[in-house]
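Only one structure is covered here, and it is reproduced in the block below.
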Amino acid sequence: MPRKHLIPFLIFGLVLVSFTSSKKTGLKFAQKTLDGFCSLIPSGLSLVDGDTLSVQSFYMSSTEITNKEYNEFLADLLRRGDLDTYAIARIDTAGWTRSFPKEYMKPMAEYYHKHPAYDNYPVVNVSKAGAELYCKWLTAKYDSLSNGQLNLMFRVPTRAEWIRAASSDNLGSTYSWDSPSLRNDKGCMLANFLVLGSENISRNAETGELEVKKMVHIPSDFSADITAPSKSYFPNSYGIYNMNGNVAEMISDGNYAVGGDWNSPGYDIRNRSIKEINRPEPTVGFRVVSSVFGGEIRQR
């Protein structure tokens, strides 16, 4: 079970949309629902591997997609009898014990994706194809919710979009909170990542190189239980949570995830951090973005 969250790491309530139970429709209601789910990222520049790119405005989900949100998608597939899509999109719970010691991660494999205590935690162990199918499903749901008036097309973000949302107008920023430090001025950690204490670092007497000794994951603060809730710590200037650490996030540019994760040291959760992924992993989730084609787009 998740550990009790301690002050000052306040966990805010998460706005979730239940499409299966909602009876309201129309442009105004759909826009209100979208405002509770996404933040508007204005047009601007993005610095990607030394290249400055122009990025048009888009919506981005304020949090990583949660277990509850993804499970609603899976449940809808089962209700409709779409077993072929379900087989592609299903959660690979074995990822927890495939990637980490079974004695440590077995409870996560059993409970993380189905116990209500983890509803608001980021979904992990899903494939990129599954994430893309979720985007397609979400697009159809918003189209139905708005009676076709709010023209959205959800998808996995490009790396340029992701960096734009993380860096804002500070193209060279290290982290999404516009500071090179992993703590704020009160000493509070600003992300969920792997903290390497001095007790885990040794110098090799022969090579003189520093080495990290075997260790078990220790969250960066006691508000996290391996992962932290999708809406935790502090949002950046666009209202986006957990872009650094917690779970690495898939991008549309090849088989990569960005931003680092709960098992990454601090250097590897930078805005420009990137790693290759080839299968569902317990360290990798995703968030969604949407360009707007016609209809209304407004600053919140």
Qualifying residues in the stretch 224-280 (those that are farther than 16 Å from TYR121 by Cα and of a type in the set (Lys, Arg)) - the one surrounded by the fewest Cβ atoms within 10 Å (Cβ to Cβ): ARG279
Filter pass, MET153 being closer than 23 Å to ASN246 by Cβ and in contact with a helix residue (DSSP H, G or I) (Cβ under 7 Å, 6 or more places away or on another chain): no
Hits in the stretch 263-275 - residues which are modelled with pLDDT under 95, part of a loop (DSSP other than H, G, I, E, B) and not hydroxyl-bearing (Ser, Thr, Tyr): ASN263
Selection count where residues are surrounded by 21 or more Cβ atoms within 10 Å (Cβ to Cβ) and either hydroxyl-bearing (Ser, Thr, Tyr) or within 15 Å of the chain's Cα centre (by Cα) (or both), scope the stretch 60-74: 10
Every residue from the stretch 85-117 that is in a helix (DSSP H, G or I) and within 27 Å of TYR142 (Cβ to Cβ): THR85, TYR86, ALA87, ILE88, ALA89, PRO116
Matching residues, the stretch 140-166, being part of a helix (DSSP H, G or I), closer than 17 Å to LYS28 by Cα and touching a Phe, Trp or Tyr at 6+ places or on another chain (Cβ under 9 Å): LYS141, TYR142, SER144, LEU145
Given (1) over 30 Å from LEU27 (Cβ atoms); (2) surrounded by 15 or more Cβ atoms within 10 Å (Cβ to Cβ); (3) out of contact with any strand residue (DSSP E or B) (no Cβ under 8 Å at 6 or more places or on another chain), index of the condition LEU194 fails: (3)
Those residues of the stretch 75-84 which are surrounded by fewer than 18 Cβ atoms within 10 Å (Cβ to Cβ) and either in a helix (DSSP H, G or I) or among the acidic types (Asp, Glu) (or both), in sequence order: ALA75, ASP76, LEU78, ARG79, ASP82, LEU83, ASP84
Candidates VAL15, VAL48, filtered to the one that is at pLDDT 95 or above and out of contact with any strand residue (DSSP E or B) (no Cβ under 8 Å at 6 or more places or on another chain): VAL48
Failed item in (1) loosely packed, with under 14 Cβ neighbours inside 10 Å; (2) in contact with a strand residue (DSSP E or B) (Cβ under 7 Å, 6 or more places away or on another chain), with LYS106 passing the rest: (2)
GLU132 being among the charged types (D, E, K, R) and either surrounded by fewer than 21 Cβ atoms within 10 Å (Cβ to Cβ) or in a loop (DSSP other than H, G, I, E, B) (or both): yes
Any chance ASP92 is surrounded by fewer than 21 Cβ atoms within 10 Å (Cβ to Cβ) and under 26 Å from LEU34 (Cα atoms): no
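The values are calculated or read from the model by the stated rules, or taken from the named source; none is laboratory data. The structure displayed is predicted, hence computed values, not measured ones. Note that we place each Cβ from the backbone using ideal geometry, even for glycine, and neighbour counts take in every protein chain shown.
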